[in-house]
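**Student:** Take a look at the following structure, please.
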Amino acid sequence: MHNILFSADYKREFEGIFDTHKLYTDPTIYINITSKMHAADAPEGMENWFVMINVPHNNGEDWEALRNKARKSIVSKINRLMKTNIEESIIAEETWTPVGIESMTSSFKGALYGNASNNKMAAFLRHANFSSEIEQLYFCGGSVHPGGGIPLALLSGKIVADLILNENR
Ligand SMILES: Cc1cc2nc3c(=O)[nH]c(=O)nc-3n(C[C@H](O)[C@H](O)[C@H](O)COP(=O)(O)OP(=O)(O)OC[C@H]3O[C@@H](n4cnc5c(N)ncnc54)[C@H](O)[C@@H]3O)c2cc1C
């Protein structure tokens, strides 16, 4: 159900994302096919592929052009590694870029995980779990304190629950 096709140069891929804000030509590709576990997630005899690569946040780039470039790299890597012609099997397709993620979810610059957590101060720079301007407005989840990923997102919810409980004691 979960598959990862790693980049031959993981370090270079991430230098591109964080330093030069460019898409790497050999991206690490995550493929999730939930219909392998829950057949009802796809029409009979078919599969639903969720395909994701790492990209920089939205900095006003031409995401339509970047999307097309990324799609080509992804298709050619899948074809090469899985010895197939994946495009023949695609009957419906939808893409999300940071621009779409930003407009659909209001996440800052379309970042999935909030502020980048790649330096020692990152934990202190994340958005707090409460608003200092609006009383009784709280924030929890992967894009605020303490960080992204299921365990930290759950911890974030617990911090907010404790804040609310303490306030009402
Ligand atoms: C492909 C992928 C693989 C991952 N793998 C892992 C992993 O292996 N381990 C790990 O720890 N973490 C993993 N993560 C990260 C983890 O999933 C997230 O950090 C975590 O889910 C964040 O939780 P959240 O509650 O903040 O947001 P979400 O889980 O995204 O929940 C937000 C919810 O709000 C809903 N919503 C959005 N807008 C609105 C609105 N306007 N009105 C009402 N509802 C709305 C959404 O539909 C969604 O259900 C992965 C993420 C991705 C994308």
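**Student:** crowded, with 17+ Cβ neighbours inside 10 Å and either more than 15 Å from the chain's Cα centre (by Cα) or among the aliphatic types (A, V, I, L, M) (or both), is that true of ILE101?
**Tutor:** yes
**Student:** Quick check on this structure: which one of ARG80, ARG126 is within 25 Å of LYS11 (Cα to Cα) and at pLDDT 95 or above?
**Tutor:** So the residue among ARG80, ARG126 that is within 25 Å of LYS11 (Cα to Cα) and at pLDDT 95 or above is ARG80.
**Student:** Within region 95-114, is even one residue more than 30 Å from PRO43 (Cβ to Cβ), in contact with a Phe, Trp or Tyr (Cβ under 8 Å, 6 or more places away or on another chain) and in a loop (DSSP other than H, G, I, E, B)?
**Tutor:** Looking through region 95-114, at least one residue is more than 30 Å from PRO43 (Cβ to Cβ), in contact with a Phe, Trp or Tyr (Cβ under 8 Å, 6 or more places away or on another chain) and in a loop (DSSP other than H, G, I, E, B).
**Student:** Could you count how many residues in region 128-139 are in contact with a helix residue (DSSP H, G or I) (Cβ under 9 Å, 6 or more places away or on another chain) and loosely packed, with under 14 Cβ neighbours inside 10 Å?
**Tutor:** The qualifying residues number 1.
**Student:** Scan region 1-47 for residues that are assigned to a loop (DSSP other than H, G, I, E, B), farther than 16 Å from ALA70 by Cα and touching a His at 6+ places or on another chain (Cβ under 9 Å) and jot them down.
**Tutor:** Of everything in region 1-47, just one residue is assigned to a loop (DSSP other than H, G, I, E, B), farther than 16 Å from ALA70 by Cα and touching a His at 6+ places or on another chain (Cβ under 9 Å), namely ILE33.
**Student:** Looking at THR20 and the list (1) within 16 Å of the ligand (Cβ to nearest atom); (2) over 17 Å from SER76 (Cβ atoms); (3) out of contact with any Ser or Thr (no Cβ under 9 Å at 6 or more places or on another chain), which single condition is not satisfied?
**Tutor:** Every condition holds for THR20 apart from (1).
The values are calculated or read from the model by the stated rules, or taken from the named source; none is laboratory data. Quick caveat: nothing in here was measured; it's all calculated off a predicted structure. Glycine gets a Cβ as well: all are built from the backbone with ideal geometry, and neighbour counts include every protein chain shown.
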